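Step one of this worksheet: look at the structure below.
The values are calculated or read from the model by the stated rules, or taken from the named source; none is laboratory data. All figures in this text were calculated on a predicted structure; none of them were measured in a lab. Here Cβ is always computed from backbone atoms with ideal geometry, including for glycine, and neighbour counts include all displayed protein chains. Ligands, DNA and RNA are excluded from the accessible area calculation, which covers all protein heavy atoms including side chains. Shrake-Rupley method; radii C 1.70, N 1.55, O 1.52, S 1.80 Å.
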Amino acid sequence: MPTFKKIKVPAKGSKITYKNGKIEVPNDPIIPYFPGDGTGPDLWKATQIVLDGAVKHAYAGKREISWMEIAAGLTALQWYDKDTVLPEETLEAIKEYRVSIKGPLTTPVGGHKYVCLVCSKEQNELNDKRPETCISCKSEWVTPRFRSVNVGIRQKLDLYACVRPVRWYTGVPCPVKEPQKLDIVLFRENTEDVYAGIEFEKGTPDQAQVYEFLTKTMGKKFRQDSGIGIKPISETGSKRLIRMAIQYAVDHKKPSVTIVHKGNIQKFTEGAFRDWGYEVAKTEFRDKVVTEAELWDDLNGKLPAGKVLIKDRIADQTFQQLLLRPDEYSVLATPNLNGDYISDAAAAQVGGLGIAPGANIGDGVACFEATHGTAPKYTGLDKVNPGSLILSGVMMLEHMGWNEAAALIIKGLEAQIASKRVTYDLERQMPGATTVKTSQFGAEIVKNMESFRTPVAA
Ligand code: NAP
């Protein structure tokens, strides 16, 4: 076991291990969690009782999670020192224990160098030093503003796939007529594309150098007063993401994987993403997949049973298709920017932006997370919807192969929404619904689960 400065490793429980490209989960895994900031602790309490309740009921006590609290964001500043929002031992724990779950984390932003954690006042250096107390509320919690902790976790641990399942839950209000037809899992590349952070600001010496190179040496033409951004999409990054998406489709018996791209315009980045995707499919999954071209050229349009169809679609067409013919799509693999847009649009289509789950997954390491922020105005009010974090927990259980517990939670959540006893955000859209607190919502899901007869599966 690693020795940590502040993290308390539970006395009982075992580590999840990783062998031959797969995680191996004991019956008593230790799972690191961060409750998160703002409303995070309320959300986490409700989520934990639901996850524990489902595991207990599904496996009659034969399986149990040992939770291990770790810290990032504001909690890290309290546990460690004022400058550490993403401590090394937090990263070490996520890596070492392989499966973790996190609530939302605060990312103070703005053009100033420091921010007060008590009153959020942004402020500059004082005499070339960090202000010792806040200029507004005089607290000592003045800290350098920091980049997104979430981005830090993804990059430092190379969690290269952002995975977002999007489906409708019976009773959730939504803007389309047949929301049940959308049931997709989106694999978005998490490390490259315009998010790689290679940008040059107009008017800077770096921009002038890049402009000079591109116009004089490479003979390209564009306006000199441009900001310049670089969009790297690599063969390595694309192939590992698409490989994970196809493997998921094979493992979960999904009918198709659609490679989404803008290759008609950006041939050597987005177009290459598509080509590398087909290459992975045909060389690494040959006996398990059929491409769309093969389907029509050789198979008369009939997909043989048990095969996964590999197809591709232009990104803008994908938005239309998901609205008009959603049931023709199942697993999607996308570069970073397209995936960002498509996952939010698809979640909104089924009314579930507030209850959309997510995960960041790399080779042998996965961190599951609520996709919304900390909703700071509701901190401590026991008010917000824990659905996103609970469903991220469902994804986590599925990732661990604990599918019976995961299915139980979905059933319990659907029964709760059907009862119309929901948190304020759903209540305001559901005629005749009653508002319940975060904690009640979680506790009532546990009661629902307990009312179902469940075969013991372990
Ligand atoms: P936000 O926290 O997502 O909140 C925006 C609004 O969304 C809330 O005011 C609320 O709407 C609704 N909402 C969010 N979570 C909800 C929940 N669980 N149940 C019901 N409604 C919910 O976005 P933000 O205000 O832009 O960001 C606040 C902080 O969160 C920032 O520090 C940001 O950096 C951070 N953040 C973290 C993550 C992450 O950790 N993954 C993601 C995004 C943002 P109503 O006001 O209409 O009720």
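Some notes on this structure:
- Computed over protein heavy atoms with a 1.4 Å probe, the carbon and sulfur contribution to the accessible area of the stretch 333-458 reaches 53%.
- Loop trypsin sites (Lys or Arg not before Pro), the stretch 151-239 (other Cβ atoms within 10 Å of the site Cβ: 11 or fewer; DSSP): 177, 220, 221, 223
- Whole-angstrom gap from the stretch 335-353 to the stretch 251-282, using each part's C-alpha centre: 18
- DSSP beta bridge pairing in the chain, given as percent antiparallel to the nearest 5: 45
- The share of accessible area on the stretch 1-142 that comes from carbon and sulfur is 47 percent, using a 1.4 angstrom probe.
- Between residue 398 and residue 300, the C-beta separation translates, for a Förster distance of 35 Å, into a calculated FRET efficiency of about 0.50.
- In order along the stretch 278-287, the phi-based Karplus estimate (6.51 cos²θ - 1.76 cosθ + 1.60, θ = phi - 60°) of 3J(HN,Hα) comes to 5, 4, 4, 4, 7, 8, 9, 10, 3, 7 Hz; Gly and Pro are listed as x.
- Portion, in percent, of the accessible area of the stretch 179-303 that falls on carbon or sulfur, probe 1.4 Å: 52
- Approximating the spin labels as points 7 Å out from Cα along Cα→Cβ, the residue 429-to-residue 126 distance works out to 4.6 nm.
- For residue 267, the lysines whose Cα falls under 16 Å of its own Cα, not counting residues fewer than eight places away in the same chain, are 231.
- Of 61, 71, 90, farthest towards positive along the dipole that unit charges on Lys, Arg, Asp, Glu beta carbons give the stretch 53-99: 61
- Of the peptides 51-60, 228-237, 97-106, 248-257, the ranking by mean beta-carbon count within 10 Å, highest at the top, reads 97-106, 51-60, 248-257, 228-237.
- Inter-label distance, nm, simple model (7 Å from Cα along the C-beta direction), residue 266/residue 253: 3.7
- When the helices of the chain are scored as -39500 (n - 2.57) per DSSP H run of n ≥ 4 and the total is divided over every residue, the value at 222 nm lands at -11000 deg cm²/dmol.
- Simple label model, 7 Å out from Cα along Cβ direction - residue 216 to residue 8, nm: 6.4
- Qualifying lysines (Cα of each under 24 Å from Cα of residue 15; at least 8 residues distant if same chain): 5, 6, 45, 56, 62, 95, 102, 156
- Within the same chain, lysines fewer than 8 places from residue 177 are excluded, and of the rest, those with a Cα less than 30 Å from its Cα are 253, 254, 262, 302, 311, 383, 411, 420, 437.
- Amide N proximity, the stretch 77-105 versus residue 138 label position 7 Å along Cα-to-Cβ, cut-off under 20 Å: none
- Per residue, in Å², the accessible surface of the chain once ligands and nucleic acids are set aside, probe 1.4 Å: 48
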